[in-house]
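Q: Here it is, the structure, as structure tokens.
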Amino acid sequence: MKYVYSLGAVIALMLIAWFGSLIPGMQYFFGVAVPYLAIVIFLGGFAWKIWDWAKSPVPFSIQTTCGQAKSLDFIPHNRLEAPNTNTEVIARMALEILTFRSLFRHTKADVYAGPKLTYESAKWLWLFALIFHYSFLVIVIRHLRLFLEPVPAPIVWLDWADSLFEMGLPTLYLTDAGLLIGLLFLFARRLFTRPVRYMSLFNDYFPLFLLLAIGITGVLMRMVFRGGIDIAAIKAMGVGLVTFSPVVSPDISAIFYVHLFLVCALLIYFPFSKLMHLGGVFLSPTRNMRNNTREVRHVNPWNPDIKPHSYAAYEDEFREYMVEAGIPVEKELEPQKEAAEPA
Amino acid sequence: MFNKSLILGGLAVFVLLVTTPFWYGLLKAGPPPTPEPPPNGASVCVAPVEYMRSSHMKLLDVWRDEVIREAKRETIVVNDPKLGTLEFGKGLQLACMDCHSNKEQFCDSCHEYVSARPDCWTCHMTPAEIASKEAL
């Protein structure tokens, strides 16, 4: 049932933008005020979250090791799974960030009569996560054509490559299909895999529905409901936003404002949600620390500077009081007082 | 704070990337393009201007399918207040370019602005190109 609430929240956002943008004068609110607010909250929230993480203590060396750590010379060292140097850590992080290596290890657990528990490799999550994330990245970069004037050549090339098969007019973008297919799989996984469904919450479904709605409104706007989608007027709006001289065209249809409002909702939601794994993946101590606990002692830098205090030093400090209180001491007081009296 | 320079450096790179559109043109941008009105003075198009502005590619797609796949080659009649009754065959060269004869000033002005690269011109020729071919 939790997905119903998420779906309801996204539909509510869509209705707000749909009917809101039909009110005369509100185009300025949805087309200018909300986007500015969203980008400020996104960047501010993102920086705040990173700052918050960066100043959190990492008291232990907690890298996850998935292979043999560097040891004696004749024991082969698994350089990627237990990185010992910064270079190896960078290689491990790059593979994690660019190819989602830990998802590649994803397994599926089943219980059979017996009872017998089996695990088997399941690469689907990795594959569709990869399709979704790269499609999303390309789509975000491609959208720069609506903000940059003149459009830089690399974006033109990306646009060309993405519509390579020239299906339909305007041409279908491969990444549009990739994004929607990836999202539908990620949603179906939450819905049909029972353990995953059990632990899925409102804030697991919400970003999925939000992104699906953004993708679907985007594709519909491009391919189906062309009416009122004057792309030159939309670009004039985009360029107006980034040059701080906002303009609003009165003729743009409501579906554009729905699309834009959902993107703004995504930007505002981003820093305060699980979507922050965009920044968090770089800061995960289980991945970005060196596995060198055999060579280097890991000391928490937040430890207070406590000097070692041996018992002998302790007794030196408090011997007089200890003797006075009748506590046995290892070394008696020096007989200074007795020596002083006869003189 | 751990690895202060690395984390703040990474954050700075991220903020710079996200704000690319803001500093790319240094807050300056020309006005949006205004396509040239037809040089022959026609003021009525085959469909309302609003529709043509947003959906001309859909119309061309429909025409292409009708002419090539269904052999529906009936002409389109337009009553222009100045030029009188105009009759067009369906097609980019047969209809559009008749009035909007200057591709660079009409088609390209918007297409380049929004980085739309339709592949019309891999087969079709502009009136200027036809004229230069005929001159040979």
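The values are calculated or read from the model by the stated rules, or taken from the named source; none is laboratory data. Since this is a predicted model, take the numbers as computed values, not measurements. Cβ placement follows ideal geometry from the backbone for every residue including glycine, while neighbour counts extend to all protein chains displayed. These accessible areas exclude ligands, DNA and RNA; they are computed on the full protein's heavy atoms, side chains included. Shrake-Rupley method; radii C 1.70, N 1.55, O 1.52, S 1.80 Å.
Q: Residue A:87 - would you say it is hydroxyl-bearing (Ser, Thr, Tyr), at pLDDT 90 or above, in the same structural domain as residue A:283 (by TED's automatic domain parsing) and not in a strand (DSSP E or B)?
A: So residue A:87 fits the description; yes.
Q: Can you list residue pairs whose Cβ atoms sit under 7 Å apart, with the first residue in the range B:100-128 being within 9 Å of another protein chain (Cβ to nearest Cβ) and under 14 Å from residue B:57 (Cα atoms) and the second being aromatic (Phe, Trp, Tyr) and not in a loop (DSSP other than H, G, I, E, B)? Count only pairs 6 or more apart in sequence or on different chains.
A: Filtered contacts from the range B:100-128: B:117/A:160.
Q: Being of a type in the set (A, V, I, L, M), farther than 20 Å from residue A:276 by Cα and under 21 Å from the mean Cα position of the chain (by Cα), is that true of even one residue in the range A:195-207? Before the answer, list the steps.
A: Just the residues of the range A:195-207 that are of a type in the set (A, V, I, L, M), to begin with: A:196, A:199, A:201.
Checking the rest, the ones that are also farther than 20 Å from residue A:276 by Cα come to A:196.
Filter again for under 21 Å from the mean Cα position of the chain (by Cα), leaving A:196.
Within the range A:195-207, one or more residues are of a type in the set (A, V, I, L, M), farther than 20 Å from residue A:276 by Cα and under 21 Å from the mean Cα position of the chain (by Cα).
Q: Kindly provide the set of residues from the range B:103-128 that are in a loop (DSSP other than H, G, I, E, B) and open to solvent by less than 40 Å² (accessible area, probe 1.4 Å), ordered by number.
A: Correct list: B:103, B:114, B:115, B:116, B:126.
Q: Is the range A:109-118 home to any residue that is exposed (fewer than 12 other Cβ atoms within 10 Å of the Cβ) and within 14 Å of another protein chain (Cβ to nearest Cβ)?
A: Looking through the range A:109-118, none of the residues is exposed (fewer than 12 other Cβ atoms within 10 Å of the Cβ) and within 14 Å of another protein chain (Cβ to nearest Cβ).
Q: Could I ask something else about it? Working carefully through the options A:169, A:174, find the one that is hydrophobic (A, V, I, L, M, F, W, C), without any contact (Cβ under 8 Å) to a residue 60 or more places away in the chain, more than 30 Å from residue B:28 (Cα to Cα) and at the interface with chain B (Cβ under 9 Å from one of its Cβ atoms).
A: Residue meeting the stated conditions: A:169.
Q: Has the range B:22-37 got any residue that is in contact (Cβ under 8 Å) with a residue 60 or more places away in the chain and either more than 9 Å from chain A (Cβ to nearest Cβ) or more than 22 Å from residue A:234 (Cα to Cα) (or both)?
A: Yes, the range B:22-37 has at least one match.
Q: Let me ask another. Let me spell it out: the conditions are (1) open to solvent by less than 20 Å² (accessible area, probe 1.4 Å); (2) in contact (Cβ under 8 Å) with a residue 60 or more places away in the chain, and residue A:229 meets all of them except one. Which number is the exception?
A: Among (1) open to solvent by less than 20 Å² (accessible area, probe 1.4 Å); (2) in contact (Cβ under 8 Å) with a residue 60 or more places away in the chain, residue A:229 violates only (2).
Q: Just to check your reading of the model, which residue among A:281, A:296 is closer than 30 Å to residue A:79 by Cβ, free of Cβ contacts under 8 Å to residues at least 60 places away in the same chain, of a type outside the set (Asp, Glu) and surrounded by fewer than 19 Cβ atoms within 10 Å (Cβ to Cβ)?
A: Working: A:281 fails: free of Cβ contacts under 8 Å to residues at least 60 places away in the same chain.
That would be A:296, the only listed residue that is closer than 30 Å to residue A:79 by Cβ, free of Cβ contacts under 8 Å to residues at least 60 places away in the same chain, of a type outside the set (Asp, Glu) and surrounded by fewer than 19 Cβ atoms within 10 Å (Cβ to Cβ).
Q: Which residues, taken from the range A:27-55, are more than 8 Å from chain B (Cβ to nearest Cβ), small (Gly, Ala, Ser) and surrounded by 13 or more Cβ atoms within 10 Å (Cβ to Cβ)?
A: A:31, A:33, A:38, A:45
Yes or no, residue by residue, for (1) outside any helix (DSSP H, G or I); (2) closer than 29 Å to residue B:8 by Cα; (3) not assigned by TED's automatic domain parsing to the domain that holds residue A:9:
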{"residue": "A:246", "(1), (2), (3)": "yes, no, no"}
{"residue": "A:249", "(1), (2), (3)": "yes, no, no"}
{"residue": "A:263", "(1), (2), (3)": "no, yes, no"}
{"residue": "A:271", "(1), (2), (3)": "no, yes, no"}
{"residue": "A:277", "(1), (2), (3)": "no, yes, no"}
{"residue": "A:280", "(1), (2), (3)": "no, yes, no"}
{"residue": "A:293", "(1), (2), (3)": "yes, yes, yes"}
{"residue": "A:300", "(1), (2), (3)": "yes, yes, yes"}
{"residue": "A:305", "(1), (2), (3)": "yes, yes, yes"}
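Q: Mind checking whether some residue in the range A:144-161 is in contact with an Asp or Glu (Cβ under 9 Å, 6 or more places away or on another chain), buried (at least 20 other Cβ atoms within 10 Å of the Cβ) and either more than 8 Å from chain B (Cβ to nearest Cβ) or outside any helix (DSSP H, G or I) (or both)?
A: Taking every residue of the range A:144-161 in turn, none turns out to be in contact with an Asp or Glu (Cβ under 9 Å, 6 or more places away or on another chain), buried (at least 20 other Cβ atoms within 10 Å of the Cβ) and either more than 8 Å from chain B (Cβ to nearest Cβ) or outside any helix (DSSP H, G or I) (or both).
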